[in-house]
1. Applying the Karplus parametrisation 6.51 cos²θ - 1.76 cosθ + 1.60 with θ = phi - 60° to the phi angles of region 77-92, what ³J(HN,Hα) value in whole Hz is obtained for each residue in order, glycine and proline being reported as x?
2. Tell me, in nm to one decimal, what length is gained between Asp115 and Arg183 on full extension, where the rule is 0.36 nm per residue of separation less the Cα-Cα distance?
3. Please say if region 80-199 is rounded, prolate or oblate, where rounded means a/c under 1.5 for a ≥ b ≥ c the square roots of the C-alpha gyration tensor eigenvalues, and otherwise the choice is prolate for a/b larger than b/c and oblate otherwise?
4. In percent, how large is the relative contact order of the chain, given Cα pairs closer than 8 Å and 6 or more residues apart?
5. Are there trypsin sites (Lys or Arg not before Pro) in region 103-184 that DSSP marks as loop and that have at most 14 other Cβ atoms within 10 Å, and which are they?
6. With a 1.4 Å probe and every protein chain kept in, tell me what percent of the accessible surface of region 23-74 is carbon plus sulfur.
7. Of the options Leu86, Tyr167, Met126, report the single residue whose Cα projects farthest towards the positive end of the charge dipole of the chain (beta-carbon charges: Lys, Arg +1; Asp, Glu -1).
8. With a probe of 1.4 Å, find how much accessible area the chain has per residue, and write the answer as a whole number in Å².
Amino acid sequence: MARPKNQAARRGQLKQAARRAIAERGIEGVRIKDVAEHAGLSSQAVLYYYPDLDTLIEEAIQHVVERFAERRQETAEGIVDPRAALVALVRAGLPSGPDDDDLRITYDAAGYFRDNPTLGALIRSMTARQVEVYRRVLELGAAQGVFTLADTSQAIARNLVALEDAYGLYMISGGQIADEALRMILSFASMATGCRLEA
């Protein structure tokens, strides 16, 4: 019997393999053998650790979502100037391109989340965390006199997250608007903060 430490490492490996399989085949198309192939294991080995494929998919998506939220928070914490922090947050919230597997998995999973209360709650929590990170930066900028907010920090933060999602989904679908998306979101942010923000 595998030691707990080895089990945790193997489960981590399988979640990464599932993430790659989801990115390649989509959530609905993933099979145990796809995960096994990406992990370099047999299907039986995958089933030993995850007898239920849905549980493995849920944990893989949860890992992707939490990693994304943590990266956003770290982005804001590492920058003192609220203007630079706001620009960096917007940039970090957009896909790097159509091959950004983590964000593509998150967007593709929308229907899956709707039918899964656990993952639905996770996505709502991730959205709330993103809004909170923006809200803190906006309030810091307002307190320093750098921003003059045109609405509540909460309303502006929610709109920024919504714009990221809308443009991000378009980018993941193959729309060639990466530079335009960043510029358009920063245009809104500039109006909302009364401060010129540029990439």
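The values are calculated or read from the model by the stated rules, or taken from the named source; none is laboratory data. Given the structure is predicted, the values throughout are model-derived calculations rather than measurements. Every residue, glycine among them, receives a Cβ derived from its backbone with ideal geometry; neighbour counts consider all protein chains shown. Accessible surface is based on the protein model in full, side chains and every heavy atom, while ligands, DNA and RNA are left aside. Shrake-Rupley method; radii C 1.70, N 1.55, O 1.52, S 1.80 Å.
1. For region 77-92, the Karplus curve yields 5, x, 10, 7, 6, x, 5, 5, 5, 5, 4, 5, 5, 4, 4, 5 Hz.
2. 21.0 nm
3. Oblate shape, in that a/c is at least 1.5 and b/c is the bigger or equal ratio.
4. Answer for the chain is 21 percent.
5. For trypsin sites (Lys or Arg not before Pro) across region 103-184 that sit outside H, G, I, E and B with at most 14 neighbouring Cβ atoms in 10 Å, the list is empty.
6. 44
7. Looking along the dipole axis, the top candidate is Met126.
8. I get 52 Å² per residue for the chain.
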